[in-house]
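Chemist: Before I ask anything, let me first share the structure, which is written out below as structure tokens.
The values are calculated or read from the model by the stated rules, or taken from the named source; none is laboratory data. Bear in mind the structure is a predicted one, so any value in this text is a computation, not a measurement. Don't worry about glycine lacking a Cβ; one is built from the backbone with ideal geometry, like all the others, and counts go over all protein chains shown. Ligands, DNA and RNA are stripped out before the accessible areas are found, and what is left, the full protein with its side chains, is counted by its heavy atoms. Shrake-Rupley method; radii C 1.70, N 1.55, O 1.52, S 1.80 Å.
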Amino acid sequence: MSDETADLNELPKAYEPQKVEERWYAAWLEANCFHGDEESSKPPYSIVIPPPNVTGILHLGHVLNNTIQDILARRARQEGKEVLWLPGTDHAGIATQTKVERQLREEEGKTRREIGREAFLEKVWAWKEKHGGIIINQLKRLGCSCDWDRERFTMDEDYSQWVSHVFTELFKQGLIYRGKRMVNWCPVSLTALSDEEVIMKPQRSKLYYMKYEVVDSPGEFIEIATTRPETLMGDVAVAVNPKDERWGQYVGRKVRRPFPDAEIPVIADDHVDPEFGTGALKITPAHDKADFEIGTRHDLEILDILHPDGTINCPELPDLDGLDRFVARKKAAKILEERGILLKVEEHENNVGFSERADVPIEPRISMQWFLKYPCVDEAANAVADGEIKYRPERWAKTYAQWLGNIQDWCISRQLWWGHRIPVWYRKEKAFELKEAESLALADMDAGDIYVGEVPPAEGDWVQDEDVLDTWFSSWLWPFATMSKVGENSATLQKFYPTTDLVTGPDIIFFWVARMVMAGFRFEEQLPFKNVFFTSIVRDLKGRKMSKSLGNSPDPVDLMDKYGADGLRFGLMRIAPVGTDVKFDEAQIEEGRNFANKIYNACRLRLMAGAGSGLEMPPLEKLRPYHLDILTKLDGLSESLEASFAEYKFNELTAALYEFLWSQFCDQFLEAVKRDFRDEADGETREVSVAIFDIVMARYLQLLHPFMPHLTEELSARMGYLPDGEFVMKAELPAGKLLPDVPAEAAYANQVYETAGRLRNLKAEYNLATRKDVKFVVKKAADWLMAEADVLAFLSGAAAVEADDSFEAPKGTPLAVTGLGEFFLPLEGLIDVESEKRRLDKEIEKLEKEVTKCLKKLQNPKFVENAKPEVVQTEKDRHATWLEKLNQMRELRDALGD
RNA sequence: GGUCGAUUAGCUCAGCGGUAGAGCGCUUGCUUCACACGCAAGAUGUCACUGGUUCAAAUCCAGUAUCGACCACCA
């Protein structure tokens, strides 16, 4: 909109975000606006994106999380920092492999084993190529200002070398070891899982009561309660609490296991709770974590009676052999019942661990796995405890500390194919022996039988370990492995590591945050980030977690189609509270869109007045109170935003931006000066109002830019606030105030706005809200008021406000007393003494109450003595104001008689 | 069982010692030359409960109740 006068009709009445957003994103990319320059001399600001699953699709959690990151990144650029927001994706081992396996089954009717490792991995890569770009494009649609040239993937060549390197180092340090342990086994994915990947869910199950005959005393029984009769074949003992008087006599003796028939010992162990069930517990060391521990303490045999897929492995018992564990459970109960061993069955609620990905109950299982003893645990704990890493909200620091305080070794091996293969090689001749070895350690490496590292030595034949690593074993390296190759101290790393802010959900404190701190310490000798901002979890209006299966998760892309990316961003940020979960309501996104439209229309109004002003500040003496006032308020906004940014209070930021634009700028300032934009307005008046509009709007758009990046670019360009080819996103925020010394006249504006409100109010009370022809007569007007009478009349919806101290109001003329004078609303046929008396009496009563309240407080010596002086002063001022008004009112009321 | 949150207008949430707030929704009136994705006016609250500290408590402390998250877990 450079020099021709705009015709309002050329512009659509409502803002249409879709095309605008697409165009500006392309322009930013074209101009390389997102590049983080490692050679820059500006101070660095960096964020690494929490990498979404490569084949994932965008959900509202991502929108919240990435909008926050984008806001921080864009604001940092405006503050003159060199910003790197480093994006990428995660290979998500189990999740991705499961999807591809399902596709293989559905399309070709084959399992991964049937087509073999190599062919299967080819299919996964193909899947990744096909679906990998989706979420990245969705993030672009949202407006994310990531440096896409640096996009990383956890299975990239350079990244994979980091994974191998880290594994090798930790192995050499003796922190990685292999052994047969009780792990969480997923019978569907056929892999071990870490404790963090197991989700406990309350289940309604059954508690089966059985009786076992005492071997040396036939006819005598011990009663046992269990939820898992199908594992009975794996029982090797019955345990009771040593203090339990009912069963104490049997300790050391034997009872008869029903099937397969065997004599098993009764042992005493403190773990047994005498209060639960019968107080006697069957011990199945192979299939229960607690039983395993008891078994270890008492040196019991381990009888594994399950196949990896959860079917029964017990050829001795053809009735159950081969059955699925849950089918077998019912069958086992039936057999017990037939033999008269089953006493009763009770309904029972217990917690069962489920596989996070496959959503089936996990099976505690003993298997050969790789484990990691976490490095730098103390350093990681101290970093947060000492505030070197600052958590927001702070309370998550406690959760973090608790987990680190009870940390268990991490099971890092997965029996999957999609992932980083464990970089351990066995000398072919000894491979079989070594793979089955009870433990494997440094000694084997020293002996030259195993090799740990990316590529085995050329000499000899080597066989690689079959397992891959847990996905998080690559994710925990993310902040530095994305910035440099192994052994390379890259310029990027030097410039941007440690990163400034990490924005993530509190649900992955253990999975990711804590582990990154440890890895950062161990491998870069520095903390990976300075601040961690934990976002809220997005829920539906009923408070339920968003989930695909519930169908309560709106597609952000649909929302962007409907409301625009900016509308979605702003709407979501407005409702995202600092500490707790956010309940998502589409109506809020609609508000975001409405807000965008409001700003757009304010600009549209301004375009009536034609060409750009060049953003030159007019001489101070030409500014009217409304101009001074809005400049002052904008300065106030800048300051309060700065404070809120420093504390990451996003809801405060959006509230302040919303309030300023809608209430202060549009409802007050713009209403006061809008007539200046019309053709009939005097040239100089118009020039001044246009200039102030432009100065304020240009700066406001800059302040708003991190939240609504596309809209602000569009309007800045259209309004001619920036030369062609320049961007709001690249412009630095100027320091200092627009109006450093605020003249006293600035305060007049608020008084006019307040009085106008009272006058509109008065009109409405007499059902005159729509009458534009009324006049107000003011007595005892403030000395400057008549200069602003025209604006006051316009804002009040009146034809005029006239001063006339000699005005003799007919009795019963409605009136309002404000800080600017006594305003009468004389109108023939309207005057009704009685109703005006009643109205005034009501107002006087209200005022009296206020005055009494103030007085009571001020007469309390303890208040005057103890309260802060400024609080007392405020109270005094308030009292004086009320009292003055009250007296005026009373006087005028008295004139009406009784 | 342990830890940490939440409880304020019909709804979603701010406020966290000094007169109870916003947006939506609702009522009424407006198609007024930026915007009905709008304008103006209005109604609506024992700030969960019970005690305590304080001149003063929605706000601080203790306890109770309800809801939620995380950790642990009993077969």
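Chemist: Give A:82, A:151, A:106 a once-over and let me know the one that is out of contact with any Leu (no Cβ under 9 Å at 6 or more places or on another chain) and touching a residue at least 60 places away in the same chain (Cβ under 8 Å).
Modeler: The unique qualifying residue is A:82.
Chemist: Can you pull out the residues in region A:768-786 that are closer than 15 Å to residue A:750 by Cα and open to solvent by 10 Å² or more (accessible area, probe 1.4 Å)?
Modeler: Answer for region A:768-786, where residues must be closer than 15 Å to residue A:750 by Cα and open to solvent by 10 Å² or more (accessible area, probe 1.4 Å): A:782, A:784.
Chemist: Regarding region A:163-177, can at least one residue be identified that is of a type outside the set (Asp, Glu), surrounded by fewer than 16 Cβ atoms within 10 Å (Cβ to Cβ) and out of contact with any Pro (no Cβ under 9 Å at 6 or more places or on another chain)?
Modeler: yes
Chemist: Quick test of your reading of the structure: residue A:340 fulfils all but one of (1) more than 29 Å from residue A:190 (Cβ to Cβ); (2) within 14 Å of RNA strand B (Cβ to nearest atom). Name the failing condition by number.
Modeler: Here residue A:340 meets the rest and fails (2).
Chemist: Going by what's in this entry, would residue A:132 be described as open to solvent by less than 20 Å² (accessible area, probe 1.4 Å) and assigned to a helix (DSSP H, G or I)?
Modeler: yes
Chemist: Next up: Looking only at region A:231-253, which residues are out of contact with any Phe, Trp or Tyr (no Cβ under 8 Å at 6 or more places or on another chain) and closer than 26 Å to residue A:328 by Cα?
Modeler: Of everything in region A:231-253, those that are out of contact with any Phe, Trp or Tyr (no Cβ under 8 Å at 6 or more places or on another chain) and closer than 26 Å to residue A:328 by Cα turn out to be A:231, A:234, A:235, A:236, A:237, A:239.
Chemist: Determine which single condition residue A:655 fails, assuming it passes every other condition in (1) without any contact (Cβ under 8 Å) to a residue 12 or more places away in the chain; (2) open to solvent by 40 Å² or more (accessible area, probe 1.4 Å); (3) of a type in the set (Gly, Ala, Ser); (4) within 15 Å of RNA strand B (Cβ to nearest atom).
Modeler: The one condition residue A:655 does not meet is (1).
Chemist: Can you find even one residue in region A:241-255 that is under 16 Å from residue A:304 (Cα atoms), touching a residue at least 12 places away in the same chain (Cβ under 8 Å) and open to solvent by less than 20 Å² (accessible area, probe 1.4 Å)?
Modeler: The answer is no, given that none of the residues of region A:241-255 is under 16 Å from residue A:304 (Cα atoms), touching a residue at least 12 places away in the same chain (Cβ under 8 Å) and open to solvent by less than 20 Å² (accessible area, probe 1.4 Å).
Chemist: Hey, among A:602, A:565, which residue is within 6 Å of RNA strand B (Cβ to nearest atom), at pLDDT 85 or above and either at negative phi or open to solvent by 60 Å² or more (accessible area, probe 1.4 Å) (or both)?
Modeler: A:602
Chemist: Checking the conditions here, which among A:299, A:291 is surrounded by 23 or more Cβ atoms within 10 Å (Cβ to Cβ) and not aliphatic (A, V, I, L, M)?
Modeler: A:291
Chemist: Separate question: Somewhere in region A:230-239, is a residue part of a strand (DSSP E or B) and either within 11 Å of RNA strand B (Cβ to nearest atom) or not small (Gly, Ala, Ser) (or both)?
Modeler: yes
Chemist: Take region A:190-204 and flag every residue that is open to solvent by 10 Å² or more (accessible area, probe 1.4 Å) and away from RNA strand B (no atom under 13 Å from the Cβ).
Modeler: A:190
Chemist: Now a separate question. Could we say that residue A:97 is within 15 Å of residue A:131 (Cβ to Cβ) and part of a helix (DSSP H, G or I) here?
Modeler: yes
Chemist: Here's a follow-up. Counting only residues that are crowded, with 22+ Cβ neighbours inside 10 Å and within 12 Å of RNA strand B (Cβ to nearest atom), which one in region A:510-546 is farthest from residue A:386 (Cα to Cα)?
Modeler: Per the stated criteria, the residue is A:538.
Chemist: Kindly indicate the residue of region A:587-599 that is open to solvent by 10 Å² or more (accessible area, probe 1.4 Å) and either touching a residue at least 40 places away in the same chain (Cβ under 8 Å) or under 17 Å from the mean Cα position of the chain (by Cα) (or both) and also nearest to residue A:554 (Cα to Cα) among those meeting that condition.
Modeler: The extreme case among them is A:588.
Chemist: A further question on this structure: Among the residues of region A:827-871, write down those that are more than 8 Å from RNA strand B (Cβ to nearest atom), small (Gly, Ala, Ser) and either over 24 Å from residue A:889 (Cβ atoms) or surrounded by 15 or more Cβ atoms within 10 Å (Cβ to Cβ) (or both).
Modeler: A:829
Chemist: Take residue A:805 and tell me if it is acidic (Asp, Glu) and part of a loop (DSSP other than H, G, I, E, B).
Modeler: Yes; evaluated as a whole, the condition is true for this residue.
Chemist: What's the total number of residues in region A:730-782 that are under 30 Å from residue A:637 (Cα atoms), in a helix (DSSP H, G or I) and of a type in the set (A, V, I, L, M, F, W, C)?
Modeler: 6
Chemist: Let me ask another. Could you say whether any residue in region A:815-826 is in a helix (DSSP H, G or I), open to solvent by 10 Å² or more (accessible area, probe 1.4 Å) and within 30 Å of residue A:640 (Cβ to Cβ)?
Modeler: No, the conditions are met nowhere in region A:815-826.
Chemist: Still on this structure: Looking at A:213, A:223 in this structure, which one is open to solvent by 30 Å² or more (accessible area, probe 1.4 Å) and either within 9 Å of RNA strand B (Cβ to nearest atom) or over 53 Å from the mean Cα position of the chain (by Cα) (or both)?
Modeler: Only one candidate passes the filter, namely A:213.
Chemist: Quick one: how many residues across region A:414-426 are more than 30 Å from the chain's Cα centre (by Cα) and either open to solvent by less than 10 Å² (accessible area, probe 1.4 Å) or of a type in the set (Asp, Glu) (or both)?
Modeler: Matching residues across region A:414-426 total 5.
Chemist: What is the one condition in (1) of a type outside the set (A, V, I, L, M, F, W, C); (2) more than 8 Å from RNA strand B (Cβ to nearest atom); (3) on the phi < 0 side of the Ramachandran plot; (4) out of contact with any Gly (no Cβ under 6 Å at 6 or more places or on another chain) that residue A:581 does not satisfy?
Modeler: (2)
Chemist: Continuing with this model, one more query. Have a look at A:114, A:38 and point out the one that is acidic (Asp, Glu), open to solvent by 10 Å² or more (accessible area, probe 1.4 Å) and assigned to a loop (DSSP other than H, G, I, E, B).
Modeler: A:38
Chemist: Which residue out of A:686, A:718, A:699 is open to solvent by 10 Å² or more (accessible area, probe 1.4 Å) and more than 30 Å from residue A:143 (Cβ to Cβ)?
Modeler: A:686
Chemist: Report whether or not residue A:83 is under 30 Å from residue A:612 (Cβ atoms) and assigned to a helix (DSSP H, G or I).
Modeler: So residue A:83 does not fit the description; no.
Chemist: Could you list all residues from region A:872-893 that are open to solvent by 60 Å² or more (accessible area, probe 1.4 Å) and either more than 22 Å from residue A:819 (Cα to Cα) or of a type in the set (S, T, N, Q) (or both)?
Modeler: If the condition is that a residue be open to solvent by 60 Å² or more (accessible area, probe 1.4 Å) and either more than 22 Å from residue A:819 (Cα to Cα) or of a type in the set (S, T, N, Q) (or both), then A:873, A:874, A:881, A:887 are the ones that fit.
Chemist: Something else: Among all residue pairs at least 6 apart or on different chains, which show Cβ distances below 6 Å where the first residue, located in region A:386-403, is aliphatic (A, V, I, L, M) and open to solvent by less than 60 Å² (accessible area, probe 1.4 Å) and the second is more than 9 Å from RNA strand B (Cβ to nearest atom) and not in a helix (DSSP H, G or I)?
Modeler: Cβ pairs passing all conditions: A:389/A:527; A:397/A:391.
Chemist: Do any helices (runs of 4 or more DSSP H) entirely within region A:579-687 hold 1 or more residues that are among the basic types (Lys, Arg), and if so, which?
Modeler: Output list reads A:586-606, A:625-646.
Chemist: Here is a follow-up. Considering only region A:474-491, state which residues are part of a helix (DSSP H, G or I) and crowded, with 20+ Cβ neighbours inside 10 Å.
Modeler: Correct list: A:474, A:475, A:478, A:479, A:480, A:481.
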